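Here the structure is laid out as C-alpha cells; the discussion comes afterwards.
The values are calculated or read from the model by the stated rules, or taken from the named source; none is laboratory data. This one's a predicted model, so the numbers in the text were calculated from it and none came from an experiment. Because the Cβ atoms are built from the backbone with ideal geometry, glycine has one as well, and the counts that use them run over all protein chains shown.
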Amino acid sequence: MGIPVKLEAFEGPLDLLLHLIEKNKVNIYDIPIVEITDQYMEYIHQLPSEDLDVMSEFLVMAATLLDIKSKMLLPPEVNEEGEELDPREELVQKLLEYKMYKYMSYELKDREKDASFCFYKEPSIPDEVKAYRPPVSIEELLGDMTLAKLHAIFRDIMKRQENRMDPVRSKFGNLKKEEIDLSGTMRFVQKYMRKRKSCLFSEILSLRPGKLYKIVTFLTLLQLMKEGKVEVTQEETFADIQIDWTGPEEDGEEMDLAQDYD
C-alpha cells in the first residue's frame with residue numbers, strides 16, 4: 001500500500017507556475033525554464049486524471065513549457081531591428097497579469113472581511129429636531145453694517161448681473177408668434193381682386209398687418225397669375241405693380257370684404 005501524498009490545490013496552470021517561481025525565489029523576468037519545467041511536469045504526474053477539464057489545462061501549459069524549453073536550446077531568433085527574441089516573453093506577461101489580479105483579489109477579500117465588522121445605524125433623529133433652525137439675531141447679522149456698505153454691496157451685485165447679460169440679446173423684446181389663417185387669407189385676396197377688378201400691389205399689401213399676410217398675399221397672386229385670373233404690369237423698374245382681375249365673376253359667392261377683413 002502506497003503512502004498517500006497530499007497535493008496543494010492551485011487555481012490553474014498559471015497559479016502553479018507562479019507558486020514554483022516564488023518557491024524557487026527566481027526572477028520572474030528571467031525564469032530558469034528547464035528547472036521550472038521539470039518541477040511542473042513532476043506535479044502533473046501526481047495529478048489525478050479523473051477530471052479531464054482540469055487536467056487538459058495543465059497539459060496545455062506543459063506543452064507550452066516544453067515548446068519554450070526547446071526554443072531555448074536553439075539559436076535565438078532575431079527581429080527586424082536585430083534584437084534577440086526571448087521565447088519566455090509572452091509567458092512572463094501572462095504571469096505578471098495573473099499575479100496582479102491575484103493580489104487584487106486578496107485585497108478585495110480583506111476589504112470584504114473588514115467590512116463585515118462595520119455596522120450602520122439607521123437615522124432616528126426626530127422630525128422636530130431636524131426641522132429646528134437656530135433663531136437669527138438681527139444685531140449679530142448686521143453687526144457694524146452701514147448704509148454705505150449696503151449700497152456698495154448692492155452696486156457690486158448689480159454689476160455682476162450686468163456682466164452676465166448678453167449685451168446684444170438682452171435688448172431683444174419678446175418674440176410673439178404671428179398667427180394667420182392661410183386659406184382664409186387666400187380667399188380674401190381673391191375676392192378682393194374680383195370685386196375691385198384693378199389695384200396696386202402696395203395697396204393690397206397694406207390691407208392687413210404682419211409679414212405672414214404679405215407672404216401669403218404674394219403667393220396667392222402668383223397662383224392667380226398661374227391660373228390666368230389676374231394680369232400684372234409694371235411701367236418701369238422699381239415702380240408699383242398694377243394688378244388686373246381677368247378671371248370669372250362667379251356671382252353668388254361674393255362676400256362682404258369688410259366682414260372678411262375682420
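Filtering region 237-252 down to residues that are surrounded by 10 or more Cβ atoms within 10 Å (Cβ to Cβ) and acidic (Asp, Glu), which residue is modelled with the lowest pLDDT?
Per the criteria, the residue is GLU250.
Within region 30-77, count every residue that is within 16 Å of LEU14 (Cβ to Cβ) and either outside any helix (DSSP H, G or I) or of a type in the set (S, T, N, Q) (or both).
6
So which residues in region 78-95 are under 13 Å from LEU14 (Cα atoms) and touching a residue at least 24 places away in the same chain (Cβ under 8 Å), if there are any at all?
Residues satisfying the conditions are LEU91, VAL92, LYS94, LEU95.
Within region 28-65, take every residue that is in contact with a helix residue (DSSP H, G or I) (Cβ under 7 Å, 6 or more places away or on another chain) and more than 22 Å from LYS99 (Cα to Cα) and give me the one that is modelled with the lowest pLDDT.
SER49
When the residues of region 126-154 are filtered to those that are of a type in the set (Gly, Ala, Ser) and more than 45 Å from the chain's Cα centre (by Cα), which remaining residue is modelled with the lowest pLDDT?
The qualifying residue modelled with the lowest pLDDT is GLY143.
Which residue pairs have Cβ atoms closer than 9 Å, lie 6 or more positions apart in sequence or on different chains, and pair a first residue in region 206-218 that is more than 11 Å from PHE188 (Cα to Cα) and assigned to a helix (DSSP H, G or I) with a second residue that is basic (Lys, Arg) and modelled with pLDDT under 85?
LYS214/ARG208
Residues ILE180, ILE157: which one is at pLDDT 75 or above and either loosely packed, with under 10 Cβ neighbours inside 10 Å or out of contact with any Pro (no Cβ under 6 Å at 6 or more places or on another chain) (or both)?
Only one candidate qualifies: ILE157.
Within region 21-50, how many residues are hydroxyl-bearing (Ser, Thr, Tyr), surrounded by 14 or more Cβ atoms within 10 Å (Cβ to Cβ) and farther than 18 Å from VAL92 by Cα?
Total satisfying the criteria: 1.
What pairs come out if I take residues in region 103-117 that are under 22 Å from GLU22 (Cα atoms) and pair them with residues that are part of a helix (DSSP H, G or I) whose C-beta lies under 8 Å away, six or more apart or interchain?
Cβ pairs passing all conditions: none.
Quick check on region 51-70: of everything there that is of a type in the set (S, T, N, Q) and under 47 Å from the mean Cα position of the chain (by Cα), which residue is surrounded by the fewest Cβ atoms within 10 Å (Cβ to Cβ)?
SER56
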